[in-house]
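J.: My questions will all concern the structure given below.
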Amino acid sequence: MKYCSHCGAEVHDEAVVCVNCGCKVTSAKTNHDDDTKETMKTLILVFLIIGCVVGAFSLLIPLAWCLPITLSIKKRLENNEPVSTSLKVCALLFVNLVAGILLLCLNDKEDTI
């Protein structure tokens, strides 16, 4: 059982609103989910940067698409905008395999193409 943060009444674990006052009941899971999402975003950016650095030492031509993809994804993640599936797949193929997989596992509220 958990308690309403507004009135202090005891509510069921599955409850979304308090039956006593009608206010929305906050869930402890949302904080954990937000922390996990922020950690995933940080890992994605780290692997994208690693992919760009490795690409810079191997060949200069891959940087023509690695940098724009990385910067576009960075901007979208910082602004909490959804990252399109096509951009996720491009990151997977051209920048870094691990970052692409993490991007595809990241649940955006609305995934656009």
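J.: Provide the net charge surrounding Pro68, with neighbours chosen by a C-beta distance below 13 Å and charges set as Lys +1, Arg +1, Asp -1, Glu -1.
T.: Within the 13 Å Cβ shell, the charges total +3.
J.: What residues have an amide H closer than 5 Å to that of Lys2, excluding those fewer than 5 places away on the same chain, when H is modeled at 1.01 Å from N in the peptide plane?
T.: Placed amide hydrogens put Val11, Asp13 under 5 Å from Lys2.
J.: Moving to a separate point now. Convex hull over the alpha-carbon atoms of segment 40-97: what's its volume per residue in Å³?
T.: Enclosed volume per residue, from the Cα hull, is 67 Å³.
J.: Order the peptides 73-86, 1-14 from the highest to the lowest mean number of other Cβ atoms within 10 Å of their residues.
T.: Going from most to least packed, we get 73-86, 1-14.
J.: I want the local charge near Tyr3. Using Cβ-Cβ distances under 12 Å, sum +1 for each Lys or Arg and -1 for each Asp or Glu among the other residues.
T.: Summing Lys and Arg as +1 and Asp and Glu as -1 gives -1.
Just so you know, all these numbers are worked out from the coordinates, no wet-lab data involved. Computed from a predicted structure; not experimentally measured. Virtual Cβ from ideal backbone geometry, glycine too; neighbours counted across all protein chains shown.
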